[in-house]
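A.B. asks: I am attaching a structure below and will ask some questions about it afterwards.
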Amino acid sequence: MADTGQSSITVTVRVRPFTIREAAQMQRNDEGTIFLGDGSLAAPPKLHTRGIRNVVKVIDNRCLPVQKFSRSVVPASSKKTKDQVFAFDRVFDESTTQSEVYEGTTRGLLDSVLDGYNATVFAYGATGCGKTHTITGTAQQPGIIFLTMQELFERIEERSQEKTTEVTLSYLEIYNETIRDLLVPGGSKMGLTLREDSNAAVTVSGLTSYKPKDVQEVMDIIVQGNEYRTVSPTEANATSSRSHAVLQINVAQKDRNADVNEPHTMATLSIIDLAGSERASVTKNRGERLTEGANINKSLLALGSCINALCDKRQKQHVPYRNSKLTRLLKFSLGGNCKTVMIVCVSPSSAHYDESQNTLRYANRAKNIQTKVTRNVFNVNRHVKDFLIKIDEQMALINELRAQQKDAEKVFYAKFRKQCEKRDYIAKDGVQRLRAALTNSAAERRDRVTNMKNLRTAERCIYLLSGWSTAFNTVAKQRGGEESMPKNLSAISKTAEEILAELEDSRDQLRQVLDRSSWERSIDSALAHALKQLEGEGQDNGEVDSLTREAELIKTKCKSEMYREVLEHEKAGDAAATQALLTAHFEMLASLSDLLATDQEGAVANAKEMINKLLDTGCTAVSQFVTPDGSLPASDPFSSTRKGTPRRRKSINGYVKPLNPPATVAVQNEHVFANAGANPKLTHKAVVPTEAHSHP
């Protein structure tokens, strides 16, 4: 044995609430004032009735005062006492729950028991004060036994990888100074014998022990034992326990991988429900009940004598453990190798004033008891047979661990494979969603391409018309003003300015439409949905990057196709205007060449006709910059009746036929100006006046 230390008994007090019967007998005091007829106030009269009052009031969790009352309140046989204040390790009031009592009393002992120290918890008090309720409890409010065993098995499971633990328990009662086994049908009425071993430890010979596996088996054993326990109704308690019940829980532990000297720890946790002390005048017992009460009081009196002897520090006197079977069992709990918690149960009623006061006095003296706790460790030297057994145990453990590892690997691999399959499915589904989003956005992409083409066409036309207007204004300025320019060119200039304003408005609208374009939104939504599904499905194996790259590739490819289509549209954008200018230029060169080849008389005769032709060709070429469809008319031709004399002729009703551009150019220009935007004004046509041009 080792690790010896001094320890004192932990004494706690639990005050039970009033019963229904006691609450009905409670004395009601009027705390108000009385209004007298003359306008003054007076205190209510003190009625000296024999109703029940609260004599025990909990101040805090350590202090418990017992109030002083007159003889009319407490029973007539009571002695006159002053107010007393008791201090304990912990005080529980009427509202304390079973779990709180367990936390404040027994839970701290579990660490000691698992470390090899003996421990005892016993409930002490008068009959009907709640001892059995505190220890055993009910199905709705389980007591210390259930809560202790529940946590004990949980802690054993936590350390199962390091230690092998064996739990055994026995359940007995001391009835009329006879020890009876409660786990045997009939309770072994012949009685069992107390014996002491070489270490002076008290044991019960022939006591049955069980090895429960969980807390449910423990409670089944307790319920079975309580059926055999002696319980009878009395005047003071309808379910009075007529015996002391002792539950002993033995915990044996050893390391799973011990050396040659194998250390074992042995500890016993005793949970004791003492029968309550009682007065025959109160319980009104007769016959067998009276004998039971006498034996209960005898054993409790012996317990009180032991407490008094252990608390007397002035002299070392004999402690009368052998005066009763109860004190012999509690020998090591009170003054030996044990950590002890004493739960004192008292009633707050003035009807139990004497019993409560005596109980608190004994509890107050028990605080001074010192115990000498020792850790119970035994070194067992192994023999060859033990080594063989240990080898078998180790091999079994190795095989068990290997099987567990194999099962864990299978489970992990199955889980990993399932996660990979699910992530792969999500990735494939994400790709399908991206492609479906691409298909669904085809209409939006077509609209965007059309708007991009229209925007480029509008911008190109704006550049051409701006250059046209600049050139016209420059020439007009050089000639002294716009009035000096041909009227049909002035009309075309005004039309150009109007169309330029409309094109600029259309350009702004197209830019806004393109800014609001959201064909990529469906692809981004499909990508976000797939990534969100992948978040909670294990480790990323590249699916996120793959989906992200797929989405970027789809968007890049679509943008490339759109830009390529717009570029193809721009290839023949200025072909019509260029062709018109070159045609006019070539005709002017051809006409001048013809004019030079003609004699002077023929040249004068055909001069106006040739000039009109050159003028029409120039106007047609210039109008191609404004309206490529040829809707603007050329100037009306005039011919003279005699040589060198101009004469006004009747206007020609028709227009000079415009130049026909190539088929591709015509189709392209028709498409451009038909779809130049939402504004239909782009098809504007100006009416050019058809007056004759006078030449010098």
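A.B. asks: Looking at region 407-452 only, could you name the residues that are farther than 17 Å from LEU527 by Cα, free of Cβ contacts under 8 Å to residues at least 40 places away in the same chain and either polar (S, T, N, Q) or surrounded by 12 or more Cβ atoms within 10 Å (Cβ to Cβ) (or both)?
C.D. replies: Hits for region 407-452 are LYS418, ARG446.
A.B. asks: Within region 126-169, which residues are surrounded by 14 or more Cβ atoms within 10 Å (Cβ to Cβ) and among the polar types (S, T, N, Q)?
C.D. replies: Result: THR127, THR132, THR134, THR136, THR148, GLN150, THR164, THR165, THR168.
A.B. asks: Which of the numbered conditions does PHE88 fail, given that it passes all the others? Conditions: (1) modelled with pLDDT under 75; (2) within 27 Å of THR136 (Cβ to Cβ); (3) among the aromatic types (Phe, Trp, Tyr).
C.D. replies: Result: PHE88 fails condition (1) only.
A.B. asks: Please identify the pairs in which a residue from region 587-611 that is farther than 21 Å from ALA621 by Cβ has its Cβ atom under 7 Å from the Cβ atom of a residue that is assigned to a helix (DSSP H, G or I) and of a type in the set (A, V, I, L, M, F, W, C), counting only partners at least 6 apart or on another chain.
C.D. replies: Filtered contacts from region 587-611: ALA603/LEU595.
A.B. asks: Please specify each residue of region 361-413 satisfying the condition of being closer than 30 Å to ALA87 by Cβ, modelled with pLDDT of 75 or more and charged (D, E, K, R).
C.D. replies: Residues satisfying the conditions are ARG361, ARG365, LYS367.
A.B. asks: Working only within region 291-349, note down all residues that are part of a helix (DSSP H, G or I) and β-branched (Val, Ile, Thr).
C.D. replies: THR291, ILE296, ILE307, THR327
A.B. asks: With the requirement that a residue be of a type in the set (Gly, Ala, Ser), part of a helix (DSSP H, G or I) and closer than 22 Å to MET562 by Cβ, what does region 440-473 give you?
C.D. replies: Matches in region 440-473: ALA442, ALA443, ALA458.
A.B. asks: Same structure, new question: Could you tell me whether any residue of region 519-536 is under 30 Å from ALA476 (Cα atoms), over 29 Å from the mean Cα position of the chain (by Cα) and either modelled with pLDDT of 85 or more or assigned to a loop (DSSP other than H, G, I, E, B) (or both)?
C.D. replies: The answer is no, given that none of the residues of region 519-536 is under 30 Å from ALA476 (Cα atoms), over 29 Å from the mean Cα position of the chain (by Cα) and either modelled with pLDDT of 85 or more or assigned to a loop (DSSP other than H, G, I, E, B) (or both).
A.B. asks: Among the residues that make up region 262-277, is at least one of them among the acidic types (Asp, Glu), in a strand (DSSP E or B), modelled with pLDDT of 65 or more and in contact with a His (Cβ under 9 Å, 6 or more places away or on another chain)?
C.D. replies: yes
A.B. asks: Scan LYS284, LYS213 and give me the residue that is loosely packed, with under 13 Cβ neighbours inside 10 Å and modelled with pLDDT under 70.
C.D. replies: Every option except LYS284 fails the conditions.
A.B. asks: Which residue pairs have Cβ atoms under 6 Å apart, sit 6 or more places apart or on different chains, and have a first residue in region 509-530 that is farther than 19 Å from SER546 by Cβ and touching a residue at least 12 places away in the same chain (Cβ under 8 Å) and a second that is in a helix (DSSP H, G or I) and among the polar types (S, T, N, Q)?
C.D. replies: LEU510/ASN451; LEU510/ASN454; VAL513/ASN451; LEU514/ASN451; SER522/ASN440
A.B. asks: Regarding SER469, is this residue of a type outside the set (Val, Ile, Thr) and crowded, with 17+ Cβ neighbours inside 10 Å?
C.D. replies: No.
A.B. asks: If a residue must be surrounded by fewer than 24 Cβ atoms within 10 Å (Cβ to Cβ) and of a type in the set (A, V, I, L, M), how many such residues does region 314-328 contain?
C.D. replies: Number of matching residues: 1.
A.B. asks: Could you give me the residue pairs with C-beta distances under 8 Å whose first residue belongs to region 216-237 and is modelled with pLDDT under 90, whose second residue is in a loop (DSSP other than H, G, I, E, B) and loosely packed, with under 14 Cβ neighbours inside 10 Å wherever it lies, and which are 6+ apart or on separate chains?
C.D. replies: Taking only residues 6 or more apart or on different chains, the pairs are TYR228/PRO185; TYR228/GLY186; VAL231/THR239; PRO233/THR239; THR234/LYS284; GLU235/LYS284.
A.B. asks: Something else about it: If a residue has to be of a type in the set (Lys, Arg), assigned to a helix (DSSP H, G or I) and over 23 Å from ARG445 (Cα atoms) to count, how many in region 478-514 make the cut?
C.D. replies: Number of matching residues: 2.
A.B. asks: Ok, one more. Please give the helices (runs of 4 or more DSSP H) falling wholly within region 93-194 in which 2 or more residues are among the aliphatic types (A, V, I, L, M) and modelled with pLDDT of 90 or more.
C.D. replies: Correct list: 107-114, 144-158.
A.B. asks: In addition: Does LYS477 fit the bill of being without any contact (Cβ under 8 Å) to a residue 12 or more places away in the chain and not small (Gly, Ala, Ser)?
C.D. replies: So LYS477 passes the test.
A.B. asks: In region 195-231, which residues are assigned to a loop (DSSP other than H, G, I, E, B), in contact with a Leu (Cβ under 7 Å, 6 or more places away or on another chain) and over 24 Å from ASN323 (Cβ atoms)?
C.D. replies: Scanning region 195-231 gives THR208, SER209, PRO212.
The values are calculated or read from the model by the stated rules, or taken from the named source; none is laboratory data. What you are looking at is a predicted structure, and each value in this text was computed from that prediction instead of being measured. We place every Cβ from the backbone using ideal geometry, glycine too, and count neighbours over all the protein chains shown.
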